[in-house]
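Some notes on the structure that comes next.
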Amino acid sequence: NLVDVDLLALRLLEAIAVAHSNEATLTVTDAMSLNAIASPATMHRKLNELLDAGLIEQVYEGKNRRTKYLHPTTKASKYFDQMGNAIATAIQHA
């Protein structure tokens, strides 16, 4: 539910989605080191918010079970589609 996600968590979601679309999927460790957004402890809380909201998922790749990669979910894709449509509409009416 996006009501439970604040702007800082959405900024983290954007970073995860951009990295994923550039085929440079972030790990949990990578996300927590994005200190331009927030401290590692805050980033950890925001990751949990995004997981609880169903906007990201943690995925293991290959046989390495220690490294968790962050992938945006279908729900996150729908959110970005809605935001893109809202921006396009706003531009058309400006």
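The values are calculated or read from the model by the stated rules, or taken from the named source; none is laboratory data. In this text, all values refer to a predicted model and were calculated from it rather than measured experimentally. So basically every Cβ, Gly included, is an ideal-geometry build from the backbone, and we count neighbours across all protein chains shown. Side chains included, ligands, DNA and RNA excluded: accessible areas come from the protein's heavy atoms. Shrake-Rupley method; radii C 1.70, N 1.55, O 1.52, S 1.80 Å.
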Just to confirm a number: summing +1 for Lys and Arg and -1 for Asp and Glu over residues other than residue 13 whose beta-carbon lies under 15 angstrom from that of residue 13, what do you get? -3
Percent relative contact order of the chain, based on C-alpha pairs within less than 8 angstrom and at least six residues apart? 28 percent
Which percent of the accessible heavy-atom area of the chain goes to carbon and sulfur, probe 1.4 angstrom? 53 percent
Longest principal axis of the chain (C-alpha) makes with the long axis of helix 7-21 (C-alpha) an angle, in degrees to the nearest 10, of 80 degrees
Tell me, how many Å apart are the Cα centres for region 77-93 and for region 36-72? 26 Å
Helix-derived [θ] at 222 nm for the chain: sum -39500 (n - 2.57) over DSSP H runs of at least 4, divide by residue count, nearest 500? -18000 deg cm²/dmol
